[in-house]
Amino acid sequence: MKRMGRTHRPFYRICATDRRTPRDGRVIEELGSYDPSVPDTNARCTLKAERVDYWLSVGAQPSDKVRVLIKKFGTNGTHLKDMENARSRLSMPRIVPEAGEPVIAPKEEEPAAESSPTTESVNDTPSSETSTDTVTENTVNADSPESIASEPVAAETPADATPSDSKEKTEESTE
């Protein structure tokens, strides 16, 4: 067996070689292949049965692992029918079910957040309608000092206000 492939992805060629040559060296003839990465174990090996029989008849000595492969998948192998069935399953196209209609989640409406602008948090960015409502409420409430002290600070400062405006308003509310 002559090792081919890349690191951690071996692929072997079953070859007739001279015993004195290195494992991955020069070969006389390639007789088949063995791919251990194939998921079906019976479809991993391919052999040229006539050529294997010829080399065995002239006195070639297979290695231990190749001897097992010849016994299973050679001319009168024990796993020949299983190998043919596995090969036919691998050659068939894969059946992939249709994805179907995409599922779209309905949008959730938040009527409570739109109806009361005073409950908005500082991090939320209000829409243009909400920001104008907040500005008009602040100007109306600026006349009555009682309502300013009872309202939360978030409703007091509009999103467009600068930091200096908010300091002035807090100074007015403390007086």
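The values are calculated or read from the model by the stated rules, or taken from the named source; none is laboratory data. None of the values given here were measured: they were computed from a predicted structure. Neighbour counts are summed over all protein chains in view; Cβ atoms, including those assigned to glycine, are modelled from backbone coordinates with ideal geometry.
From 41, 46, grab the single residue that is surrounded by 14 or more Cβ atoms within 10 Å (Cβ to Cβ), within 22 Å of residue 9 (Cβ to Cβ) and under 37 Å from the mean Cα position of the chain (by Cα). Break it down into steps so the answer makes sense when it comes.
Working: 41 fails: surrounded by 14 or more Cβ atoms within 10 Å (Cβ to Cβ).
Selected residue: 46, the only one of 41, 46 that is surrounded by 14 or more Cβ atoms within 10 Å (Cβ to Cβ), within 22 Å of residue 9 (Cβ to Cβ) and under 37 Å from the mean Cα position of the chain (by Cα).
Which of the numbered conditions does residue 81 fail, given that it passes all the others? Conditions: (1) at pLDDT 90 or above; (2) in a helix (DSSP H, G or I); (3) loosely packed, with under 15 Cβ neighbours inside 10 Å.
(1)
Have a look at 105, 60 and point out the one that is in a loop (DSSP other than H, G, I, E, B), closer than 19 Å to residue 15 by Cβ and either within 38 Å of the chain's Cα centre (by Cα) or of a type outside the set (Phe, Trp, Tyr) (or both). Step through it out loud before you land on a result.
Numbers: 105 fails: closer than 19 Å to residue 15 by Cβ.
Only one candidate passes the filter, namely 60.
Quick check: anything in segment 28-50 over 29 Å from residue 85 (Cβ atoms) and outside any strand (DSSP E or B)? Lay out the reasoning, then the answer.
First, pick out the residues of segment 28-50 that are over 29 Å from residue 85 (Cβ atoms): 28.
Filter again for outside any strand (DSSP E or B), leaving 28.
Yes.
Within segment 33-60, can you find the residues that are touching a Lys or Arg at 6+ places or on another chain (Cβ under 8 Å) and without any contact (Cβ under 8 Å) to a residue 24 or more places away in the chain?
33
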